[in-house]
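Take a look at the structure below.
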Amino acid sequence: MNLEHSNKYNKLALGLLFDTVGYLSFIIPGFGELTDFIWAPISAWLMTKMYSGKKGKVGAVVSFVEELLPGFDIIPSFTLMWLYTFVLSSSKDSSSEIE
C-alpha cells in the first residue's frame, strides 16, 4: 500500500475514513475501548504510510497515543494532519516565497 504518493484529496478522504474508524469505538461503550488497543497501532502505521519523514513519525505517535487514551478518540488526528500538511504548511511555504 503506497499512500505516501496519493494526491492530497485522496489523503483527505482516507483521513476522514480513518478518523471515522477511530470514532466507531464510541458505539459500544466498554468494548470500544478494547478495540482501541487494536486500532491504535494500525492508525499509527497508516499515518506513517500517508505522510513521510519526521512529519509522519510525529503524526503516528500522536495518533497512537490519542487512540489509546480513553475519551480522546474525538480528536480527528488524520484530518488535523492533512490540514497541517496541505493548508498550514502550504501557507508557510507561500509566505516564505513572497519575502
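Things worth noting here:
- Filter result for residue 23 (modelled with pLDDT under 90 and hydroxyl-bearing (Ser, Thr, Tyr)): yes
- Region 69-87, residues that are modelled with pLDDT under 90 and open to solvent by 30 Å² or more (accessible area, probe 1.4 Å): 69, 70, 71, 72, 74
- Yes/no for residue 6 being modelled with pLDDT under 80 and not in a helix (DSSP H, G or I): yes
- Of the residues making up region 33-55, those that are within 17 Å of residue 75 (Cα to Cα) and free of Cβ contacts under 8 Å to residues at least 12 places away in the same chain are 35, 42.
The values are calculated or read from the model by the stated rules, or taken from the named source; none is laboratory data. Every value quoted in this text rests on a predicted model; they were computed, and no experiment measured them. Backbone-built Cβ (ideal geometry, glycine too); neighbour counts: all protein chains shown. The accessibility values were calculated without ligands, DNA or RNA, using every heavy atom of the protein model including side chains. Shrake-Rupley method; radii C 1.70, N 1.55, O 1.52, S 1.80 Å.
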